[in-house]
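Here's the structure we're looking at; comments come further down.
Bear in mind these aren't lab numbers, they're just calculated from the coordinates by the rules spelled out. What you are looking at is a predicted structure, and each value in this text was computed from that prediction instead of being measured. Glycine also receives a Cβ, built like all others from the backbone with ideal geometry; neighbour counts cover every protein chain displayed.
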Amino acid sequence: MPTWYRYALHPRAPVVVLAVIVVAWTTWRLATLTNAPFEGPDMHVIIGTLEADHSAAAIASWFTGPWVQSDDYYRPLTSLVHLMDYHLWGDRPWGWRVTTTLIISLSMLAMAWAVWQAFGDRWWAVASAGLLPLINPIDRVPLWPAWRTDALCGLFLLIATGAALGRHPARWRIPVTLAALLLALVSKESAFIWPAFLAAALLVSGDHLRKWPLLLATVALTGSVWLLRVHLLGHPLLGSAPMHVNTPLEGQLWRYWAFLMGPIIWHLTATYPAYIGAPFSMLLPGFARVVLGDLAFIGANVLLIVSGLRIFAIIWVWRLIMYLPSLPFVAMFDFYEYLPMLGTVMLYGIGAVEAIRRIALRLKLQEALDHA
């Protein structure tokens, strides 16, 4: 057996590779962060509010009313992270971007843990974690500190997912799931949809009978936080939508369908017709990238189905359900796709590992035939 193949089978190899990937990406990202001024109103509102009042009473008010940025949302944990950055960095943009980068680095570890717990394959976990910071819009989240609400919420939802979908019984699963879910709920309101994902994931995996107490506990916790939020803020789950969120329903559903189908829908409706209109442009590298992107999405889904319908179903349930809170907003900024994109990261990560394994197996068989 080749040396590299023996190394890949070593139980500690995935942990070493994961550590190298996380450290390398974090180092590179920190070295490339800029101190360019903040753009848009969000950060100026956050910093201005903290400058005006960051007393103990103001901090306490984030847990009994609006968060630091707006009257319509309940995000006390995110407010505390903003406060930490304000004390550490003041209004220096570079420092705020460092914190968001570290949140993404922790999310890579959480992604690896969630995939390993849910599916039991360490290399799937490593590949998913390694792809996390590379897929749009995740690669740009560190540049915009106001976008960290999604990153912070996603970090804790990944931990909750790993604990809840773990294949082996353990007493710590329920408390860890509930603790992580609570932290996600006080980071961003998108976490309120997560129990629906858990219910569907347990149903498609056939694990709902064994884990129904966990599911009921997550529903009870989410409902309690929702009632608290309504009591404190005086309005329903998401508050009143801003006036500029006016994308028609058909447009929202089209974007939803396009997201679920990866790049294929956009390519079929816009990209390929453009190339057909200029046939010589098919010889350019851009056309090859488009075709490879479509083949990669199709191939990843096929490999997941071959690897197990349970895995395929859970990942697609995540992509289907975790997109729903973003429906009115993604037409404005694509960072609202961050949470559902975590499922896409798993899709490509697992698909890449399975493709490599099948190529390696074929090469190994060919080597055996050559020596026969």
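Relative to its Kirkwood radius, the Cα radius of gyration of region 169-236 gives an Rg/Rh of 1.01. For region 176-335, rounded, prolate or oblate, judged on the Cα gyration tensor with a ≥ b ≥ c (square roots of eigenvalues), a/c < 1.5 rounded, else prolate if a/b > b/c? The shape class here is oblate. Seen against the Cα atoms of the chain and their longest principal axis, helix 249-260 is set at about 40 degrees.
Spin-label model, Trp212/Asn35: points 7 Å from Cα along the beta carbon direction are separated by 6.0 nm.
When the alpha carbon coordinates of region 72-178 are projected onto the principal axes, the ranges are 46, 29, 25 Å, largest first.
Taking a ≥ b ≥ c as the square roots of the Cα gyration tensor eigenvalues, with a/c under 1.5 meaning rounded and otherwise prolate when a/b beats b/c, else oblate, which class fits region 280-352? Here region 280-352 falls in the oblate category. Prolate is the label for the chain, because a/c, from the alpha-carbon gyration tensor with a ≥ b ≥ c as root eigenvalues, is 1.5 or above and a/b exceeds b/c. Placing +1 on the Cβ of every Lys and Arg and -1 on the Cβ of every Asp and Glu, with nothing else charged, gives region 103-255 a dipole about its Cα centre of roughly 360 debye. Annotation for Ile356 and Asp71: the two label points, set 7 Å from Cα along the Cα-Cβ direction, are 5.3 nm apart. Placing a pseudo-label 7 Å from each Cα along the Cα-to-Cβ vector at Asp334 and Asp53 gives an inter-label distance of 4.0 nm.
Projecting the Cα positions of Ser128, Leu152, Ile276 onto the charge dipole of the chain (unit charges on Cβ atoms of Lys, Arg, Asp and Glu, taken about the Cα centre) puts Ser128 furthest along the positive direction. For the chain, relative contact order (Cα pairs under 8 Å, six or more residues apart, normalised by length) works out to 18 percent. Using the Cβ-Cβ distance between Ser224 and Asp42 with R0 = 35 Å, the FRET efficiency computed as 1/(1 + (r/R0)^6) comes to roughly 0.75.
Relative to the Cα centre, what is the charge dipole magnitude of the chain, using +1 at the beta carbon of each Lys and Arg, -1 at the beta carbon of each Asp and Glu, and rounding to the nearest 20 debye?
Dipole of the chain, to the nearest 20 debye: 1320 debye.
A Cβ-based charge dipole, computed about the Cα centre of region 173-309 with Lys and Arg at +1 and Asp and Glu at -1, lands at about 300 debye. Between 0 and 90 degrees, the angle of helix 212-233 with respect to the longest Cα principal axis of the chain falls at about 30 degrees.
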